[in-house]
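The values are calculated or read from the model by the stated rules, or taken from the named source; none is laboratory data. Just so you know, these numbers come straight off a predicted model, no measurement behind them. FYI the Cβ positions are ideal-geometry reconstructions off the backbone, even for glycines, and counts take in every protein chain you see.
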Amino acid sequence: MAHAGEEKAVVVESREWYMAAYAPDGIPTSKHLKLRTVPVSLTADSIPEGHVIIETLLVSIDPYLRSRMTGVDEGLYFPQFNINEVLSATAIARVIRSRDSNYSEGDIVIIFFCPVSEYCVVPSQAISRKIDPNAGVSFPDYLSLIGLPGFAAWVGIDAVGEAKPGSNVFISAAAGAVGMYAGQLAKLKGCRVIGSAGSDEKVKLVKEFGYDDAFNYKKETDFDAALARYFPNGIDLYLDNVGGKMFEAVLNHVNKYATIPVCGMISDYNKVWTNREGVRNLLNMVGKEVKIQGYLVGTYMDRYEDFIKEMVSYKKQGKISSKYKFYQGIEQFLESLESLFTGSCAGKVLIQVK
Ligand SMILES: NC(=O)c1ccc[n+]([C@@H]2O[C@H](COP(=O)([O-])OP(=O)(O)OC[C@H]3O[C@@H](n4cnc5c(N)ncnc54)[C@H](OP(=O)(O)O)[C@@H]3O)[C@@H](O)[C@H]2O)c1
């Protein structure tokens, strides 16, 4: 029986995803990523000082997660998950018990490396920030419009790409999370913007986002010919999300001083590096004096507040929109991750846990 001041012990069964085996190549399967159920005590007394118990509300599914599952530390992004370790991803969660005076029960927080679980205990230092549910920004928008993909699009188009009015801009994976914002931002800067995507429905969606035109790259047998058609005046800025053969084809159509901000190269994420595509025409970057620059959003944190102000203002003016693909329940983690590589998703992929 609980005494005065003591909380009655409550334990819930919580499901969590963990790394069972590495997947050096191919799309990870249920052999690599597994779901298990563990008991989590929801009593404040059961957690150490400086910790909180959270319930996960919304999980962001991002392609970089794949790089933590290969078992090969390429030193590119974040370290490999350990075998048996609970996976982590960016999430919005509700604090349900707190042993840190900075956080109270009911606070809504964003956690960058949040265990992919229904309930868990985390050190309060793991919390990136508290969010105000009444600030006029929806929870999905926190993880997308003003989260990683929105920022990656903004850095690519603005900070690295320095898009100018009239520039001819090409964006691959245009119907994806980064792509949808990148195209809209480039249009807002007065560019002519063309996108590529992997289905006719996605091409339609890309046009709804305001792109001038778009094509289904899966229907094109010759990327060179496609780019010649869509860029009679050449490409000034290519925001690369996919790498591989598209990257190579772009280099045959760049204008003098073109810029290629390399956001990601998803076509290579499921291949060991020796099986990835090579680029045969890199020489073009010399003659055309092309700037090819890889970037990580983390390097641009000093611009983060500028970015948020700009995106929120566009949103309030109805100048930028988002599309979401919601998976329901933590059990859909594997399927949601898979969808990034099969292309069965469009817009930003999220799991609605609660
Ligand atoms: N640098 C950074 O800081 C940073 C931050 C965030 C994201 N990123 C990168 O940005 C890119 C887009 O990320 P996102 O979150 O917006 O993902 P996303 O575009 O929403 O989802 C991935 C999309 O990539 C396409 N794709 C998958 N495999 C492909 C292949 N083999 N060839 C061509 N396209 C393929 C699919 O669309 P289709 O159906 O059109 O093929 C899929 O829907 C990724 O490369 C990611 O790593 C970088």
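For the range 12-37, how many residues are free of Cβ contacts under 8 Å to residues at least 40 places away in the same chain and closer than 13 Å to Y119 by Cβ? Residues flagged as free of Cβ contacts under 8 Å to residues at least 40 places away in the same chain and closer than 13 Å to Y119 by Cβ within the range 12-37 amount to 2. Taking S101 as the residue in question, decide whether it is surrounded by 17 or more Cβ atoms within 10 Å (Cβ to Cβ), of a type in the set (G, A, S) and away from the ligand (no atom under 16 Å from the Cβ). Here the answer is no, as S101 does not meet what is asked. For V122, state whether it is in the same structural domain as E331 (by TED's automatic domain parsing), over 18 Å from C263 (Cα atoms) and surrounded by 23 or more Cβ atoms within 10 Å (Cβ to Cβ). Judged against the criteria, V122 is not a match. Can you tell me which residue in the range 192-211 is farthest from A153 (Cα to Cα), limited to those that are among the basic types (K, R) and more than 11 Å from the ligand (Cβ to nearest atom)? Per the criteria, the residue is K204.
Just checking, how many residues over the range 156-187 are buried (at least 24 other Cβ atoms within 10 Å of the Cβ) and either assigned to a helix (DSSP H, G or I) or more than 13 Å from the ligand (Cβ to nearest atom) (or both)? I'd like the intermediate steps shown before the answer.
First pass over the range 156-187, keeping only residues buried (at least 24 other Cβ atoms within 10 Å of the Cβ): 156-157, 161, 163, 169-183, 185-186.
The next check asks that each one be either assigned to a helix (DSSP H, G or I) or more than 13 Å from the ligand (Cβ to nearest atom) (or both); those that pass are 156-157, 163, 169-170, 177-183, 185-186.
Total meeting the criteria: 14.
When G294 is tested against (1) at pLDDT 95 or above; (2) out of contact with any Pro (no Cβ under 7 Å at 6 or more places or on another chain); (3) more than 10 Å from the ligand (Cβ to nearest atom); (4) outside the structural domain of A89 (by TED's automatic domain parsing), only condition (3) is not met.
The lone criterion from (1) over 25 Å from K202 (Cβ atoms); (2) away from the ligand (no atom under 12 Å from the Cβ); (3) at pLDDT 95 or above left unmet by V254 is number (1).
Does A182 satisfy the criteria of being of a type outside the set (K, R), under 15 Å from the mean Cα position of the chain (by Cα), on the phi > 0 side of the Ramachandran plot and in the same structural domain as G294 (by TED's automatic domain parsing)?
Working: of a type outside the set (K, R): yes; under 15 Å from the mean Cα position of the chain (by Cα): yes; on the phi > 0 side of the Ramachandran plot: no; in the same structural domain as G294 (by TED's automatic domain parsing): yes.
So A182 fails the test.
Screening V137 against (1) away from the ligand (no atom under 16 Å from the Cβ); (2) in the same structural domain as N102 (by TED's automatic domain parsing); (3) modelled with pLDDT of 95 or more leaves a single unmet condition, (3). Considering D45, D62, D73, the condition of being surrounded by 19 or more Cβ atoms within 10 Å (Cβ to Cβ) and among the acidic types (D, E) is satisfied by D62 alone. Every condition in (1) within 16 Å of the ligand (Cβ to nearest atom); (2) not in a strand (DSSP E or B) holds for A214 except the one numbered (2).
Looking across the range 255-288 at every residue that is hydroxyl-bearing (S, T, Y) and surrounded by fewer than 17 Cβ atoms within 10 Å (Cβ to Cβ), the one that is nearest to the chain's Cα centre (by Cα) is identified as T274. Looking at this structure, is E289 at pLDDT 95 or above and outside the structural domain of M246 (by TED's automatic domain parsing)? No, not satisfied.
Hey, any hits in the range 230-242 for a residue that's hydroxyl-bearing (S, T, Y), over 23 Å from D158 (Cβ atoms) and outside any helix (DSSP H, G or I)? No; the residues of the range 230-242 include none that is hydroxyl-bearing (S, T, Y), over 23 Å from D158 (Cβ atoms) and outside any helix (DSSP H, G or I).
Quick check, is P24 surrounded by fewer than 15 Cβ atoms within 10 Å (Cβ to Cβ), at pLDDT 95 or above and under 25 Å from the mean Cα position of the chain (by Cα)? Walk me through how you get there before you give the answer.
Values: surrounded by fewer than 15 Cβ atoms within 10 Å (Cβ to Cβ): yes; at pLDDT 95 or above: yes; under 25 Å from the mean Cα position of the chain (by Cα): yes.
It is true that P24 is surrounded by fewer than 15 Cβ atoms within 10 Å (Cβ to Cβ), at pLDDT 95 or above and under 25 Å from the mean Cα position of the chain (by Cα).
Annotation: of all residues in the range 312-354 being out of contact with any strand residue (DSSP E or B) (no Cβ under 8 Å at 6 or more places or on another chain), closer than 22 Å to K218 by Cα and assigned to a helix (DSSP H, G or I), the one that is nearest to the ligand (Cβ to nearest atom) is F341.
Considering only residues that are over 22 Å from S322 (Cβ atoms), exposed (fewer than 15 other Cβ atoms within 10 Å of the Cβ) and free of Cβ contacts under 8 Å to residues at least 60 places away in the same chain, which ones fall in the range 125-153? Write out each step before concluding.
Step one: list which residues in the range 125-153 are over 22 Å from S322 (Cβ atoms), which gives 125-127, 130.
Going one step further and asking which of them are exposed (fewer than 15 other Cβ atoms within 10 Å of the Cβ), we end up with 125, 130.
The one that is over 22 Å from S322 (Cβ atoms), exposed (fewer than 15 other Cβ atoms within 10 Å of the Cβ) and free of Cβ contacts under 8 Å to residues at least 60 places away in the same chain: K130.
Tallying residues that are closer than 23 Å to A174 by Cβ and either of a type outside the set (A, V, I, L, M, F, W, C) or without any contact (Cβ under 8 Å) to a residue 60 or more places away in the chain (or both) within the range 289-325 yields 18.
Filtering the range 226-259 to residues that are closer than 22 Å to G343 by Cβ and aliphatic (A, V, I, L, M) leaves A226, L227, L239, V242, M246, A249, V250.
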